[in-house]
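The values are calculated or read from the model by the stated rules, or taken from the named source; none is laboratory data. Note that the coordinates shown come from a computational prediction; the quantities given were computed from them, not determined experimentally. Every residue, glycine as well, gets a Cβ built from its backbone with ideal geometry; the counts of neighbours run over all protein chains shown.
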Amino acid sequence: MNTIINQRLALLRSVMAEKQLSAYYIPTADYHLSEYVGEHFKFRAWLSGFTGSAGTLVVLPDEAGLWTDGRYFLQAEQQLKGTGITLYKMQMPGVPSVEEFLTSRLSAGSCVGFDGRTLSASAGEELAETLAKKQIRLDASLDLASTIWENRPSMSKEKIWIYEETYAGQSVSSKLSALRQEMVKRGADTHIICALDEIAWLFNLRGSDVDYNPVFLSYAVIEKEKAFLFTDMEKLDADTCRYIERQDVQILPYDSVYDFIRRYSNSSVLLSKSQLNYTLFHILKEGGASILCGPDPVTGFKAVKNETEISWSKKVHIKDGVIMVRFMKWLKEQIQNGHSLTEASAAAYLDGLRKAAPGNLGLSFETISGYGPHGAIVHYAVTKETDIPLKAQGLYLVDSGGHYIEGTTDITRTFALGPLTTEEKEHFALVLRCMLSLMSAVFPEGVCFQNLDALARTPLWQQGLDYLHGTGHGVGHLLNVHEGPNSFNWRMRSGADPVPVRAGMITTDEPGVYISGKHGIRLENELLCLEKERTDYGTFLCFEPLTLAPIDLDALDPSLISDFERQILNSYHKKVYETLSPYLTSEEKQWLAGYTRKI
């Protein structure tokens, strides 16, 4: 039995009984529905012991369940042992949704409690409508974390800083002007923004309130003539305050937004129900505002990088590529020379290379460093308890990235540390084929991301294999490493609209194979979408790989890929060598030439 977790669950259940709750619903989110959250908001992790970045915990008086996706199945199984919490594997056959679970367990007259600030308006409304059919009500006013979580970490007080236009490529005034034009098109008087990366992008500001994401806790309200930024005044020094005010933006206290928006009872308010929290939405709805639902305009603006952002992105990938070459060379030599390495020490060396690079502002996510069977845990996080030695055999997967003043990177490589099994070689070749297939795609303008996902999965599907995560995601420009709306994924969220691939978008290409208890393989490049040509049949688009690092030829049996795939790989490796070699020593150049050789 996990005594600590059981004690915490018992404490929650005692408060639930006082408040006459039949269930308490705990998503993984802050008040801005962020993918990664600060320590103050990690209530689900504190209460369950499961530390993955995605999951929903539901606690009843006599049972509890945790729902998470395929990235975290193995991790959740390990971390939930002894807690009494049942793991529900999302999207797997026969597994009930949270809504199905609640309606099957609760009777009419029951009440489900949750903190409405931690759930999106769309998810909250869907939950309320589903439960109402069985006369089960919701109470969104219950922040039980504040009641039972002793020594809860405070909200971050890190300083907000200005991201100069030299790197952003567009002024705040021009961004606000474009946003207001879109508001006029949609008939909106006001637009409310909850997403932290959108606010940071819109005002050319950055912060450090969320690990690995250079954003700051805030809300924004944009009117036709005025703009308001809600944040903790302690985060702002005099220069940053003056800068914000020069943009005709008024600064107001962080929590005051909940009272402030009550003034819009007679206004038309544009919002995204998937990106605004349920409490804000409920205040507007109850107040009589005319709500215009649709995608946040800033999401689309931000996803299409401007020429300055693209230029800096190309430069930062050269810098990051040199780091990856040096890491790969060091890793191979350490293993070959019999030096002692573990998952943690290898990750620490790579992290150190990035942090020492000029302009580095930290990692873009916690480095995933998985050897052998740990590579099969999609979002594996090495700890003192799980750390294992690297041996001169098998496969080692490392997924990593950095934030630099010039932009953000995300790369995965899987390395052969010694002899491989026939199965490992076959799976490596399959993953490479998937990656190259998407990277070399040419397609007409208007094709959507989910249409292209099949290109990346077909080699695996033909072998009866698949992976339970998206093939790729958008990448922010010194912003969140996971950025929408870009997403190569045929599994679309309920109610989501198809997203066309547009020139200027940067999206990852990261297929994988994960064999529980054996090995995991993932290869990932960032791709820039470009216009290729215009013909009588319209405009055709293609991808340019921004990521520059070798694919480990030690892991590849060339007989397992086609002549066409070999040509694509050789062309990519030629670009890697020609672009990176001017930044390397003579010894490093010679080494890289061997690992980018024509096959």
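Which fully enclosed strands (runs of 3 or more DSSP E) of region 198-311 have 1 or more residues being at pLDDT 95 or above, of a type in the set (Phe, Trp, Tyr) and buried (at least 20 other Cβ atoms within 10 Å of the Cβ)?
In region 198-311, the matching strands (runs of 3 or more DSSP E) lie at 219-223, 227-230.
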note = Residue hits (region 360-401; touching a residue at least 60 places away in the same chain (Cβ under 8 Å), surrounded by fewer than 22 Cβ atoms within 10 Å (Cβ to Cβ) and part of a strand (DSSP E or B)) are Leu361, Gly362, Leu363
note = Picked from region 43-74 (must be in contact with a Phe, Trp or Tyr (Cβ under 7 Å, 6 or more places away or on another chain) and part of a helix (DSSP H, G or I)), the residue farthest from Ala29 (Cα to Cα) is Trp46
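It is to be established whether one or more residues within region 408-419 are in contact with a Pro (Cβ under 9 Å, 6 or more places away or on another chain), surrounded by fewer than 23 Cβ atoms within 10 Å (Cβ to Cβ) and not aromatic (Phe, Trp, Tyr). Talk me through it step by step, then tell me what you get.
If we filter region 408-419 for residues that are in contact with a Pro (Cβ under 9 Å, 6 or more places away or on another chain), which is where we start, we get 408, 413.
Add one more test, that the residue is surrounded by fewer than 23 Cβ atoms within 10 Å (Cβ to Cβ), and what stays is none.
Within region 408-419 (the criterion being in contact with a Pro (Cβ under 9 Å, 6 or more places away or on another chain), surrounded by fewer than 23 Cβ atoms within 10 Å (Cβ to Cβ) and not aromatic (Phe, Trp, Tyr)), the answer is no, since none of the residues qualifies.
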note = The lone condition Lys157 fails out of (1) part of a loop (DSSP other than H, G, I, E, B); (2) touching a strand residue (DSSP E or B) at 6+ places or on another chain (Cβ under 8 Å) is (2)
query = With respect to the numbered conditions (1) under 23 Å from Leu417 (Cα atoms); (2) in the same structural domain as Ile411 (by TED's automatic domain parsing), which one is the sole condition not fulfilled by Lys598?
reply = (2)
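For every residue, the table says whether it meets (1) assigned to a loop (DSSP other than H, G, I, E, B); (2) touching a strand residue (DSSP E or B) at 6+ places or on another chain (Cβ under 7 Å); (3) surrounded by 15 or more Cβ atoms within 10 Å (Cβ to Cβ).
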residue	(1), (2), (3)
Pro93	yes, no, no
Ser107	yes, no, no
Val112	no, yes, yes
Glu125	no, no, yes
Ala128	no, yes, yes
Gln135	yes, no, no
request  = Determine if region 541-552 includes at least one residue that is free of Cβ contacts under 8 Å to residues at least 60 places away in the same chain and of a type in the set (Ser, Thr, Tyr).
outcome  = no
message = Whether any residue in region 481-499 is aromatic (Phe, Trp, Tyr) and in contact (Cβ under 8 Å) with a residue 60 or more places away in the chain is what I want to check.
response = no
ask   = Failed condition for Lys285, given (1) in contact (Cβ under 8 Å) with a residue 12 or more places away in the chain; (2) more than 21 Å from the chain's Cα centre (by Cα), with all others met?
value = (1)
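For region 506-551, give me every one of the strands (runs of 3 or more DSSP E) that falls completely inside it and has 2 or more residues that are among the polar types (S, T, N, Q) and at pLDDT 95 or above. Working first, answer last.
Values: elements: 506-509, 512-515, 519-522, 525-535, 538-545.
Counting at least 2 such residues, we get 506-509, 525-535.
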request  = Test Gly49 against the criterion of being under 25 Å from Glu198 (Cβ atoms) and surrounded by fewer than 23 Cβ atoms within 10 Å (Cβ to Cβ), and give yes or no.
outcome  = no
note = The correct count of residues that are within 16 Å of Gly401 (Cβ to Cβ) and of a type in the set (S, T, N, Q) in region 350-388 is 4
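Pick out the one residue from Ala346, Ala357 that is touching a Phe, Trp or Tyr at 6+ places or on another chain (Cβ under 8 Å), part of a loop (DSSP other than H, G, I, E, B), in the same structural domain as Tyr396 (by TED's automatic domain parsing) and touching a residue at least 12 places away in the same chain (Cβ under 8 Å). Steps first, please.
On the way: Ala346 fails: part of a loop (DSSP other than H, G, I, E, B).
Answer to the check: Ala357.
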Number of the condition not met by His32 [criteria: (1) surrounded by fewer than 19 Cβ atoms within 10 Å (Cβ to Cβ); (2) modelled with pLDDT of 95 or more; (3) in a loop (DSSP other than H, G, I, E, B)] = (1)
key: Verdict on Ala303 being small (Gly, Ala, Ser) and free of Cβ contacts under 8 Å to residues at least 60 places away in the same chain   = no
